[in-house]
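Colleague: So that we are looking at the same thing, I have put the structure below in structure tokens.
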Amino acid sequence: MRRHSTALYSTAIAVCALLLAAGTTYSRSGPLENVPLKWSPTSTLAEMGAIDVSGALLTTKIRVDPFVDTRQNTALVAENREKADKVRQVTTSDSVAAYVADHLKESMHGAGLSTVDSGGDISISGEIRQFFVTETGTYNGEISLLVHVKNAAGKDLWTGIVTGDSTRWGRSYSADNYYETMADMTLRAVYNLLSNAGFHAAVAKQ
């Protein structure tokens, strides 16, 4: 009887394990709809290269205003195109504009710049022209921002296009890999902004 009970118990454990594995596989292959936008960078600004934050850029108080998402479909942030006849989309219910503005401010502060919630010597705002990750054999992310820099009186000091990209390998249709690509391409855009000569000149003349 004990052997029979042990065998039944072992079988039940095995079945549960298979069901759990099957459930895990199903959840991984399910649609990525209305996912949150998690900040999961795999690199840092320092790793991207040196940034000159001396002079006016170091002493100027910077306010980051809300960005505007001008993309046609603001919910669509990525697509898996590994199979031409079965494109799988990734959508979010979060605000891409808020994601970009928040992490722009956070990253600038981390680089040593003085960021403020109100007032300030200059303000940064912008439009999101592109924010998308395309997955084929790799994850390829691209972001394009139209950035406006204004002084405290609201006068335009500089307007320019700032881009960022990211390419990485990863498991197919993985939320974590999408998060990492989105964060890295956004961080690259921040680096490109802080390295932009026009941006530096605008801050200096405020």
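Colleague: If I go through region 44-70 residue by residue, how many of them are among the hydrophobic types (A, V, I, L, M, F, W, C) and either part of a strand (DSSP E or B) or within 15 Å of the chain's Cα centre (by Cα) (or both)?
Modeller: Summing the residues that are among the hydrophobic types (A, V, I, L, M, F, W, C) and either part of a strand (DSSP E or B) or within 15 Å of the chain's Cα centre (by Cα) (or both) in region 44-70 gives 5.
Colleague: Would you check if Arg129 is assigned to a loop (DSSP other than H, G, I, E, B) and closer than 27 Å to Asn80 by Cα?
Modeller: Against the criterion (assigned to a loop (DSSP other than H, G, I, E, B) and closer than 27 Å to Asn80 by Cα), Arg129 does not qualify.
Colleague: Kindly evaluate Lys38 against the criterion of being among the charged types (D, E, K, R), more than 20 Å from Ala175 (Cα to Cα) and touching a residue at least 24 places away in the same chain (Cβ under 8 Å).
Modeller: Taking the combined requirement at face value, the residue does not satisfy it.
Colleague: Could I ask something else about it? Can you run down the residue pairs with Cβ atoms below 6 Å, 6 or more apart or on separate chains, where the first is in region 169-194 and not in a helix (DSSP H, G or I) and the partner is not polar (S, T, N, Q)?
Modeller: Gly170/Tyr139; Tyr173/Arg88
Colleague: Quick check on my filter: what residues within region 110-119 are over 17 Å from Pro66 (Cβ atoms) and in contact with a strand residue (DSSP E or B) (Cβ under 9 Å, 6 or more places away or on another chain)?
Modeller: If the condition is that a residue be over 17 Å from Pro66 (Cβ atoms) and in contact with a strand residue (DSSP E or B) (Cβ under 9 Å, 6 or more places away or on another chain), then Leu113, Ser114 are the ones that fit.
Colleague: Condition test on Thr42, is it of a type in the set (Ser, Thr, Tyr), at pLDDT below 95 and over 17 Å from Phe132 (Cα atoms)?
Modeller: no
Colleague: Condition first: more than 29 Å from Leu194 (Cα to Cα) and touching a Phe, Trp or Tyr at 6+ places or on another chain (Cβ under 6 Å). Now tell me which residues in region 89-112 satisfy that.
Modeller: Selection gives Val90 alone.
Colleague: Just to verify a result, which residue in region 76-122, among those that are closer than 17 Å to Tyr173 by Cα and out of contact with any Asp or Glu (no Cβ under 8 Å at 6 or more places or on another chain), is surrounded by the fewest Cβ atoms within 10 Å (Cβ to Cβ)?
Modeller: Out of the qualifying residues, it is Asp85.
Colleague: Just checking, which of Gly126, Gly154 is among the small types (Gly, Ala, Ser), within 23 Å of Thr92 (Cα to Cα) and either in the same structural domain as Thr181 (by TED's automatic domain parsing) or surrounded by fewer than 16 Cβ atoms within 10 Å (Cβ to Cβ) (or both)?
Modeller: The unique qualifying residue is Gly126.
Colleague: Could I ask something else about it? Just one of (1) under 16 Å from the mean Cα position of the chain (by Cα); (2) assigned to a helix (DSSP H, G or I) trips up Pro41, so point out which.
Modeller: Here Pro41 clears every test but (2).
Colleague: Can Ser144 be described as in a loop (DSSP other than H, G, I, E, B), in the same structural domain as Met48 (by TED's automatic domain parsing), small (Gly, Ala, Ser) and farther than 18 Å from Val203 by Cα?
Modeller: So Ser144 fails the test.
The values are calculated or read from the model by the stated rules, or taken from the named source; none is laboratory data. Since the model is a prediction, treat every value here as computed from it, not as a measurement. Every residue, glycine among them, receives a Cβ derived from its backbone with ideal geometry; neighbour counts consider all protein chains shown.
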